[in-house]
1. Residue check, Met289 against (1) open to solvent by less than 50 Å² (accessible area, probe 1.4 Å); (2) more than 19 Å from Gly429 (Cα to Cα); (3) assigned to a helix (DSSP H, G or I); (4) touching a strand residue (DSSP E or B) at 6+ places or on another chain (Cβ under 8 Å), all met but one. Which one?
2. Considering only residues that are hydroxyl-bearing (Ser, Thr, Tyr) and within 12 Å of the ligand (Cβ to nearest atom), which ones fall in the range 169-228?
3. Do you know which of the residues in the range 229-239 that are more than 25 Å from His348 (Cβ to Cβ) and open to solvent by less than 10 Å² (accessible area, probe 1.4 Å) is farthest from the ligand (Cβ to nearest atom)?
4. If I filter the range 441-453 for residues that are closer than 25 Å to Met173 by Cβ, polar (S, T, N, Q) and in contact with a helix residue (DSSP H, G or I) (Cβ under 9 Å, 6 or more places away or on another chain), do I get at least one hit?
5. When you look at Val488, is it among the β-branched types (Val, Ile, Thr), at pLDDT 95 or above, touching a Pro at 6+ places or on another chain (Cβ under 6 Å) and not in a strand (DSSP E or B), yes or no?
6. What is the one condition in (1) of a type in the set (A, V, I, L, M, F, W, C); (2) closer than 16 Å to Met485 by Cα; (3) open to solvent by less than 10 Å² (accessible area, probe 1.4 Å) that Ala103 does not satisfy?
7. Looking only at residues in the range 453-484 that are away from the ligand (no atom under 11 Å from the Cβ) and open to solvent by 70 Å² or more (accessible area, probe 1.4 Å), which one is farthest from Val161 (Cα to Cα)?
8. Considering only residues that are at negative phi and open to solvent by less than 10 Å² (accessible area, probe 1.4 Å), look in the range 150-165 and name the one that is farthest from the ligand (Cβ to nearest atom).
Amino acid sequence: MATQSISATATSAASPELQLPVIDHFVGGVRVHPPGSRYGVVYNPSTGVAAHRVPLASRAFVEDAIANALAAFPQWGGASPLRRARVLFRFRELIERHMDELAGLISDEHGKVFSDARGEVQRGLEVVEFACGIPHLMKGEYSDGVSNGIDMYSLRQPLGVVAGITPFNFPAMVPMWMFAPALACGNAFILKPSEKDPSCPVRIAELFVEAGGPAGVFNIVHGDKESVDTLLTDSRIQAVSFVGSTPIARYVYATAAAHGKRVQSMGGAKNHLVVMPDADMNQVTDALMGAAYGSAGERCMAISVAVTVGDATADDLIDRLKARIATLKVGPSRATGMEMGPLVTAEHRARVASYIELGEREGACLVVDGRSVSVAGHEDGYFLGATLFDRVTAAMRIYKEEIFGPVLCIVRARDFEEALALTNDHEFGNGVAIFTRDGDSARDFVHRVQVGMVGVNVPIPVPLAFYSFGGWKQSAFGDQNQHGMDGVRFFTKLKTVTSRWPAGIRSGSEFVMPTHT
Ligand code: NAD
């Protein structure tokens, strides 16, 4: 464990080892690993040691996986929603039973502390629980007697083979956002997880088969751009759900849509927390410590900007944060009692550290410098301590760009209107929060802020599974959000039937537009 006062740096990583164990793909209900693959290396971020090789699927391998899923689709898609729900209920039990195992896989490859990894699995599990209600969620509408002897009803049908492409920062929860509704709705699903921490999704897919899910319905292919491009362009894939950085989200949206697919594509973020002068400052400090530094800031809903209204608010907040950061427990992800683990890779740590240098060059005031943190016995781990900048301005790159690490920027605003305008002018619009005791300010903020997910005295307002998750502006492309009813809509086609049956059919043709008079 380290505190912010210990100095040294830790960045080195072992080079790829050919003898490392391989993380298999999961296709047709079994683990597979084709000979002659290209490979990536998966590291343990707490130690910097190379732990596994991950195969990077070729176009041909992904095409085989699609063929497999297509063959499995008719039976699963044709099963009654109740039968699919029964599989999901058993699946839910297995995930809960294997919670510690799954959280351990996440902790070892992502680097988030074990308790946080458990929280991730729990939040993902809630989407599976929501999907267990699929017989109700897929119900259509029915109108009896819309005209003479005519009834009208709508029904939802699965799309076929659909794909999910996910980021490193939530290797269990984000795939669960996608596969739970996709499978519940009767689709066959191919997941391309992040190549940085791919083990947990494979284990989850295995549990689906153990729960009675048919082989070929839930598949995992590991890979890089080649496998993603295959999923985006193959005509047998009906829909693509993506979560990751904004440049790739934009590319995925444009490419998959150009190939005629339905696409939901979530991107990056720069989430603001507005601190009004009347806020409970103990509450604000607690909230910011968790929201800025939890999971080493590698959350799309992390708070990376605190907008303080009034200089006195800023000065008070900085004093409180400095004291709290000094006691923040930074250490290996599996060690008991840690609050913040390492960053995911040596490259990502170097990138975040380069933003700290940039902030200094841009003239922001570096109040706490996390680069001085090292963890005894884990000198090669990718640790970076909590970092705090004051007097950050809207013109600085450290304000404009997503850093995705434990770096919190304080921007001083004169009043509520300036704080609101800052938030609204930012290119990202994923999450935002306001801390205040004043109901008028809170309500006004909720109504006028141009952001998809809003917290009032709640720092990370991630919607629960029965609501939908999604940002605005450059944080999301496409029409439907993740999970909740949007998830059901995204993974189904709506069909509307007009039926005159059995009697009441008049003879003779009608050439005017049918009306009900
Ligand atoms: P990333 O965009 O680098 O990777 C996401 C996925 O895209 C991975 O599976 C990766 O293999 C693939 N990919 C990467 N480069 C590609 C390319 N050139 N062509 C095709 N595919 C490619 O993102 P990341 O670093 O894994 O994750 C962090 C990012 O995800 C952050 O920007 C974060 O804000 C964002 N994120 C957003 C949300 C949200 O809901 N808005 C949620 C979680 C994470």
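1. Result: Met289 passes all but (4).
2. Step one: list which residues in the range 169-228 are hydroxyl-bearing (Ser, Thr, Tyr), which gives 194, 199, 227.
The answer is Ser194, Ser227.
3. First, pick out the residues of the range 229-239 that are more than 25 Å from His348 (Cβ to Cβ): 230, 233-239.
When the remaining residues are screened for being open to solvent by less than 10 Å² (accessible area, probe 1.4 Å), the result is 230, 237, 239.
Details: Thr230: 10, Ile237: 14, Ala239: 16 Å.
Going through the qualifying residues, I end up with Ala239.
4. no
5. On the way: among the β-branched types (Val, Ile, Thr): yes; at pLDDT 95 or above: yes; touching a Pro at 6+ places or on another chain (Cβ under 6 Å): yes; not in a strand (DSSP E or B): yes.
So Val488 passes the test.
6. Looking at each condition in turn, Ala103 falls short on (2).
7. This residue is Leu464.
8. From the range 150-165, those at negative phi are 150-159, 161-165; that's our starting set.
When the remaining residues are screened for being open to solvent by less than 10 Å² (accessible area, probe 1.4 Å), the result is 161-165.
Numbers: Val161: 18, Val162: 16, Ala163: 11, Gly164: 9, Ile165: 5 Å.
Among those that are at negative phi and open to solvent by less than 10 Å² (accessible area, probe 1.4 Å), it is Val161.
The values are calculated or read from the model by the stated rules, or taken from the named source; none is laboratory data. Here the structure is a predicted model, which is why all the values come from computation and not from measurement. Note that we place each Cβ from the backbone using ideal geometry, even for glycine, and neighbour counts take in every protein chain shown. Quick note on the areas: whole protein, heavy atoms, side chains included, nothing else; ligands and nucleic acids left out. Shrake-Rupley method; radii C 1.70, N 1.55, O 1.52, S 1.80 Å.
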